[in-house]
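Structure first, then comments.
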Amino acid sequence: MRERLQAGGQLHPTQHQDVTDALLAGRREPLWEPGGKREKKVQVFPDQFATWFGMELATGGRAAGLLFPRIEPSAVPAVVDGDRALDEDDFMSGATEDRYPDHFGLAPGINGGGDLARAAVADRLAALPHHQVVLGHDVQANADFLAKLVGHLVIA
């Protein structure tokens, strides 16, 4: 990504300049908004997953389980103890939904599909296996661990 940016590649216009500067400088530590509530993330266009990273985008999918990840830079990927369940923060909903805010007021009242739809989805997802996992910064170790873990899940 750094090489693409140095060659003039552009990220999504919502990309915070601090994140772009960190990428250009080769820094990989998390950057936080003031107050530490949210991490500043890299913002890419969907087509960049294919053109920059060689990743084919899926057009659909079926859930076989839920993974709740935690990232610790030096961690060895593993399933960790704990009982994590879905909650309201796992859905794109609410008046202050920060992932897709309604800046232009074009979608008033849209609330992540609505309360009934969200409850139906939550009920179906709650019936699936849940795993809390810790992942590190070793991408290959994470990929190997996740492939093995999800290999045991069966799509119903």
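The values are calculated or read from the model by the stated rules, or taken from the named source; none is laboratory data. Computed from a predicted structure; not experimentally measured. FYI the Cβ positions are ideal-geometry reconstructions off the backbone, even for glycines, and counts take in every protein chain you see. SASA here: full protein model, heavy atoms, side chains in, ligands and nucleic acids out. Shrake-Rupley method; radii C 1.70, N 1.55, O 1.52, S 1.80 Å.
Taking the Cβ-Cβ separation of R84 and L116 as r and a Förster radius of 22 Å, what is the calculated FRET efficiency to the nearest 0.05?
Details: r = 24 Å, r/R0 = 1.09.
Efficiency for this residue pair is about 0.35.
Express the accessible area of segment 1-71 per residue in Å², computed with a 1.4 Å probe while the remaining protein chains stay in the model.
Numbers: 5320 Å² over 71 residues.
Per residue, segment 1-71 has an accessible area of 75 Å².
Past the 13 angstrom mark, what percentage of all C-alpha to C-alpha distances in segment 40-79 do you count? Present the calculation step by step, with values, prior to reporting the outcome.
Numbers: 562 of 780 pairs.
Roughly 72 percent, rounded to a whole number.
Leaving ligands, DNA and RNA out of it, rank L24, L31 by accessible area with a 1.4 Å probe, largest first. If you can, show how the numbers build up before the last one.
On the way: L24 65, L31 40 Å².
From most exposed to least exposed: L24, L31.
How high is the FRET efficiency from Q10 to A58, r the C-beta distance, R0 41 Å, rounded to 0.05? Don't skip to the answer; put the middle values down first.
Values: r = 24 Å, r/R0 = 0.59.
After rounding to 0.05, the efficiency reads 0.95.
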